[in-house]
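Here's the structure, in structure tokens; my notes come after.
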Amino acid sequence: MPMTRIGKTTVGLAVLCSLAMWTNAALAQDKAKASEKAVATQNKVDESEEIVFQRLTGFYFEGRGGVFLTFAGSRGYSNGQPFFGFEFGYDITDELSVQVAYASGYQAANPIKDPLEDPTYKHYDFGLTFFNLSADYDVWGGKRFALEARLGGGVVLISPEATPDQCPIDGDIFAGFRFEYYSLLRHFTFGAEVDFYFVMPTMIPALSASISVLYNF
């Protein structure tokens with residue numbers, strides 16, 4: 001009888017050891033599956049983030065608004081006035097883009113000459129409407145932002161005339177810097193820009209500072 005009890009005890013211990021080993025193996029297998037699932041989930045998240053952060057290029061439309069000033073008139077500088085514009089553009093490469101742009105600003109209280117001193121200069125205030133071609137190039141940036149240098153030029157309509165017997169169409173050249181932020185909204189980019197214009201032959205220097213929203217198609 002004692003031997004029988006010992007045999008039963010041995011068998012019971014063996015069964016318990018087998019169950020423990022099987023349980024540990026099952027737990028290890030479950031942990032391995034959970035780890036593999038976590039890695040797969042993280043890979044999917046990483047792939048999703050890569051898609052979200054991918055910059056779109058090609059055709060785009062941009063609207064912008066800000067402040068406009070002129071310089072070197074009878075007062076030295078004008079009052080800050082509203083500035084707005086829009087443009088159609090195309091990204092030739094990730095760094096180089098070209099645009100066709102419309103912009104409008106208003107000059108207030110800084111005529112080229114003081115009408116009180118020279119009666120031929122009739123207007124203290126006048127508007128400037130720009131139709132320009134331009135190009136910008138990324139001079140510095142990262143995955144989701146860029147600093148661009150911009151050059152361009154075109155024609156300007158000044159109304160009413162800034163000088164006596166002024167031609168209805170002037171020309172302009174301009175240069176500026178632009179900061180762009182590529183947002184999580186995949187088609188949208190936000191920007192801030194400062195441009196310096198020189199209107200010829202009327203000889204009006206001007207400055208615009210604006211913010212913008214850009215939509216890539």
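Reported count of residues in segment 91-111, each being surrounded by 14 or more Cβ atoms within 10 Å (Cβ to Cβ) and either in contact with a helix residue (DSSP H, G or I) (Cβ under 7 Å, 6 or more places away or on another chain) or not in a loop (DSSP other than H, G, I, E, B) (or both), is 12.
Residues checked against (1) within 18 Å of the chain's Cα centre (by Cα); (2) in contact (Cβ under 8 Å) with a residue 60 or more places away in the chain:
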site: 64; (1), (2): yes, yes
site: 97; (1), (2): yes, no
site: 102; (1), (2): no, no
site: 122; (1), (2): no, no
site: 131; (1), (2): no, no
site: 139; (1), (2): yes, no
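Summed over segment 66-95, residues that are small (Gly, Ala, Ser) and either in contact (Cβ under 8 Å) with a residue 40 or more places away in the chain or farther than 18 Å from residue 124 by Cα (or both) total 6. Just to check your reading of the model, which residue among 162, 149 is touching a strand residue (DSSP E or B) at 6+ places or on another chain (Cβ under 8 Å), within 19 Å of residue 61 (Cα to Cα) and either exposed (fewer than 14 other Cβ atoms within 10 Å of the Cβ) or of a type in the set (Gly, Ala, Ser) (or both)? Just one listed residue meets the conditions, 149. Does residue 137 count as in the same structural domain as residue 64 (by TED's automatic domain parsing) and assigned to a loop (DSSP other than H, G, I, E, B)? Against the criterion (in the same structural domain as residue 64 (by TED's automatic domain parsing) and assigned to a loop (DSSP other than H, G, I, E, B)), residue 137 does not qualify.
Residue-wise test of (1) modelled with pLDDT of 95 or more; (2) acidic (Asp, Glu); (3) in contact with a His (Cβ under 9 Å, 6 or more places away or on another chain).
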site	(1), (2), (3)
174	yes, no, no
185	no, no, no
190	yes, no, no
193	yes, yes, no
198	yes, no, no
207	yes, no, no
211	yes, no, no
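Does residue 118 satisfy being acidic (Asp, Glu) and surrounded by 15 or more Cβ atoms within 10 Å (Cβ to Cβ)? Taking the combined requirement at face value, the residue does not satisfy it.
Please state which one of 159, 134 is under 16 Å from residue 195 (Cβ atoms) and among the polar types (S, T, N, Q). Walk me through it before giving the result.
Details: 159 fails: under 16 Å from residue 195 (Cβ atoms).
It is 134.
The values are calculated or read from the model by the stated rules, or taken from the named source; none is laboratory data. Predicted, not measured: the structure shown is a model, and the values here were computed from it. Ideal geometry is used to build each Cβ from the backbone, glycine not excepted, and the neighbour counts take in all protein chains shown.
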